[in-house]
Structure formats: C-alpha cells, structure tokens
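Engineer: One structure, as structure tokens, below. Some questions next.
Since every read-out is calculated from the coordinates, none of them should be taken as a lab result. Everything quoted here is computed from the prediction, not taken from an experiment. Methodologically, a virtual Cβ is constructed for each residue, glycine included, from the backbone with ideal geometry; neighbour enumeration extends over all protein chains shown.
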Amino acid sequence: MTDRPGLPAPATDTAIRHENWEGRDLSGDRHHRVALLDVDFDDTTGDGAVFDECTFRDCSFSGATLTNAAFTNCAFVNCRFFGVRLTGCKLVGSTFNRCSFTALTVEGGDWSFVALPGANLQKSEFRDVRMRECDLTGARLQESVLRSVDLSGAWLAQANLSEADLRGSDLAAVDPTSTTLRGAVVDLQQAVVLARALGVEVRSDD
C-alpha cells in the first residue's frame, strides 16, 4: 500500500487493527505479511523484532527506541515518526509514503533500496548507515546529519541537502547540478568528488 507507481504493496494474510501497543517491549516479536492498521507503537522498545512484508498504515511510532529490528520489504503509509531512535536496524526494500519525521535518529543498520521520495527529513540524523540505492528523490534533508553514510547508487535528484553535515559519506551518486548543497559541510575528499562531478579538474600544486 505504498501508493508509489511501480511498487506493489506487499500482500498481507492477516490484519491487526486499532490496537494500543504503547510502551510495549517488542523484543522477539515476529510478524510476516501482516497489515497493521492504526496501531499505536509510541514509546515501544525492544531488541530483534522482525516485521517482514508488512504494511503499516496510520500508525504512530513517537518515542520508539528499537535495536536490531528488521522491517524488510514493508510499506509505511501515513505513519508518524517523532523522536524515534533506531540502532542497527534493517529496513531493506521498505517504502514510505505520506509519513512525517521529526527528530529521527538512525545509527548503524541497513536502509538499502528504501524508498523515501519527497520525504521531509529535516534535522534527522543518520550515522554509519548503509543506504545503497536508496530513493531520496526530492527529499528534504536541510540541516540533517548524514555522517559516514553509504549513499552509493542513491537517487538524489532534486533532494535538498542545504546545511547538511555529509562528512565521511559516499557522495559519488550526488549530481551537484540537480541536488541542492548550499551550506552543506563536506570533507576534502568529498569536495574533490563534487568538483569532478561538475567537470572541474583538480590538481595538486606543482
């Protein structure tokens, strides 16, 4: 139920509706092909929860703190992520549509092939995260932190990275002519990569 053209929603076999899981410890929970509709995940915690090919619609994750959780090939539609901290979590192949993100913190983990087109991720933090071929087309990442993030093959056309801290991240996929980088912080090696992307020849002093 991603509503994103070309990406079918995962088929679900069962549904959980209108439940309050606030403060629940999700450690060891395993869910496969489940539709979770209007479920309250606020302040949930836990280590190692697994959600595979699940659909989350109208769910709230405010204050959730999850470690080593897996949300693989899941769809998130109209969900709220306020003050969420994810450590070492795997979200490979998941899609986000019409979701809100405020004070999101992600440390480690694998977000490869995640679809976040047009997402408002301003002031979010991503550190040491694998985001290969992540779809960030048109994403708003102003004043965000993306430190030591693997963005190889990522889609960043029309993304706004103004005043973002990008140090240590792989910027080979960034096209400076289609991605806004005003005020972004990069290291010297990244500056060379961006200069070459603009067709500038970088030489050391003779």
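Engineer: Exposure proxy check: CYS99, CYS134 ranked by fewest other beta carbons within 10 Å?
Structural biologist: CYS99, CYS134
Engineer: For SER152 and GLU201, calculate 0.36 nm times their separation in residues minus their Cα-Cα distance, and state this gained length in nm to one decimal.
Structural biologist: Additional length available on full extension: 15.4 nm.
Engineer: Note down the Stokes-Einstein diffusion coefficient of the chain in µm²/s, whole number, using a Kirkwood radius over alpha carbon pairs, 37 °C, and 0.692 mPa s.
Structural biologist: For these conditions, the coefficient is 188 µm²/s.
Engineer: If contacts are Cα pairs under 8 angstrom and at least 6 residues apart, what is the relative contact order of the stretch 75-165 in percent?
Structural biologist: Normalised by residue count, the contact order of the stretch 75-165 is 22 percent.
Engineer: Now for a different question. Given springs between every Cα pair under 10 Å in a Gaussian network model of the chain, which of GLY168, GLY109, GLY28 has the largest fluctuation?
Structural biologist: Among GLY168, GLY109, GLY28, the largest GNM mean-square fluctuation belongs to GLY28.
Engineer: If you don't mind, another one. Could you tally the net charge around VAL92, taking each other residue with its Cβ under 14 Å from the Cβ of VAL92, Lys/Arg +1 and Asp/Glu -1?
Structural biologist: Once positives and negatives cancel, what remains is -3.
Engineer: Pick from VAL149, VAL193, VAL39: which is most flexible by mean-square fluctuation in a GNM of the chain where alpha carbon atoms under 10 Å apart are linked?
Structural biologist: VAL193
Engineer: How big is the equivalent ellipsoid of the stretch 1-115 along its three axes, where each semi-axis is √(5λ) from the Cα gyration tensor, reported in whole Å from largest to smallest?
Structural biologist: 19, 16, 14
Engineer: Determine the calculated [θ] at 222 nm for the chain from helices alone, applying -39500 (n - 2.57) to every DSSP H run no shorter than 4 residues and normalising by the residue count; nearest 500 deg cm²/dmol.
Structural biologist: The helix-only estimate for the chain comes to -1500 deg cm²/dmol at 222 nm.
Engineer: Could I ask something else about it? Hand me the GluC sites (Glu not before Pro) from the stretch 132-189 located in a DSSP loop with no more than 11 other Cβ atoms within 10 Å, in residue order please.
Structural biologist: none
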